[in-house]
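Bear in mind that the values in this text are calculations on the coordinates, not laboratory data. In this text, all values refer to a predicted model and were calculated from it rather than measured experimentally. Glycine gets a Cβ as well: all are built from the backbone with ideal geometry, and neighbour counts include every protein chain shown.
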Amino acid sequence: MRQFAVIGLGRFGRKVAETLAKKGAPVIAIDSKPELVGKASDLVTKAVQIDSTDEEALIASGVKDVDVAVVSMGEDVESSILTTAILKNLNIKEIVARASTPLHAQILKLVGATRIVFPEEDIGIRVANSILSPGVLEYIELGAEYTLAEIEAKSESVGRTMNEMDLKTKYGINVLIVKRKVSEVGEKAKEIIEKEVKVLPSPDYTIQEGDVLVVVGNSKDIEAFEKHMK
């Protein structure tokens, strides 16, 4: 029988873990909150309290041996994306991820989710209105003052490494993905094609003209960064 991991034990995640376990499947249930782990401990094969964005802790939990991982932290967007990326790096074959917005779903697919679910789809996807801003290609408010945004790199950042930009220290935001547009010669002369996607770029990753940064952080911090990029 296939083995499962459920990461994020809110109402949705706990229900998934409980249903799998009742059908006799081996289930590892994971959450950072001890009270949620405690509630699931009697339902599943193994319940573990860890930070799922810690790769070493995930490996120690036994997740590397599962066939299917369910990432159910729909509201904690940053953690769900980072966790999904780590699971992909661990070569988990099937990653089912809960998304809270269309952009969240898009990013989850980019970092390795094989299937996206919208638990609240029947009552409407909760997506705030996009905010029009020259440097922001897409801007989704996620609640709790956090935002997921796509920002095109401007001339000041071109040629600099992620380490030199140091956005976490300077602005308090994290770069999750860099999408790079590459010029290619096609039948109709040159066409710009979005070809390269770098997930969790390394400190020595160098920004090029036309790169799009997918960032997450406090709304005010992202707005400050966007203004600086103008």
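Applying the Karplus relation 6.51 cos²θ - 1.76 cosθ + 1.60 with θ = phi - 60° to the range 3-10 yields 3J(HN,Hα) values of 9, 10, 10, 10, 10, x, 10, x Hz, where x marks Gly and Pro. Here the 3J(HN,Hα) profile of the range 31-40, calculated from phi with Karplus coefficients 6.51, -1.76 and 1.60 at θ = phi - 60°, is 7, 7, 9, x, 5, 6, 5, x, 5, 8 Hz, Gly and Pro shown as x.
If R0 is taken as 41 Å, the Cβ-Cβ distance between Met1 and Arg180 corresponds to a FRET efficiency of 0.50.
The simple Förster model, with R0 at 41 Å and r as the Cβ-Cβ distance, assigns Lys198 and Lys22 a FRET efficiency of 0.50. What does the charge add up to near Glu35, with Lys and Arg as +1, Asp and Glu as -1, over the other residues with Cβ less than 15 Å from its Cβ? That sum, taken over residues with Cβ under 15 Å, equals +2. Between rounded, prolate and oblate, where does the range 52-97 land on the alpha carbon gyration tensor, with a ≥ b ≥ c its root eigenvalues, rounded for a/c under 1.5, else prolate if a/b exceeds b/c? Taking the square roots of the gyration eigenvalues as a ≥ b ≥ c, the range 52-97 is oblate.
Projecting label points 7 angstrom from Cα along Cα→Cβ for Lys46 and Lys15 puts them 2.7 nm apart. Here is the link list: Lys64/Lys154; Lys109/Lys154; Lys15/Lys220; Lys198/Lys227; Lys46/Lys88; Lys22/Lys64. Which ones come out longer than 30 Å on Cα distance? Lys64/Lys154; Lys15/Lys220, as the Cα separations exceed 30 Å there.
Give me the net charge of Leu9's neighbourhood, meaning all other residues with Cβ under 11 Å from the Cβ of Leu9; Lys, Arg count +1, Asp, Glu -1. Taking every Cβ under 11 Å from that of Leu9, the sum is +2. Taking trypsin sites (Lys or Arg not before Pro) across the range 1-47, the ones in a DSSP loop with at most 10 further Cβ atoms lying within 10 angstrom of their Cβ are Lys23.
Net charge near Val66, counting Lys/Arg +1 and Asp/Glu -1 over other residues with Cβ under 14 Å of its Cβ?
So the surrounding residues net to +2.
Under the rule a/c < 1.5 gives rounded, and otherwise a/b versus b/c splits prolate from oblate, where does the range 1-102 land using the Cα gyration tensor?
Details: a/c = 1.33, a/b = 1.16, b/c = 1.14.
It comes out rounded by the Cα gyration axes.
For Gln3, nonlocal amide neighbours, meaning residues 5 or more places apart or on other chains whose placed amide H falls under 5 Å from its own, are Asp67, Val68.
FRET efficiency for the pair His228 and Gln208, taken as 1/(1 + (r/R0)^6) with r the Cβ-Cβ distance and R0 = 25 Å, rounds to 0.85.
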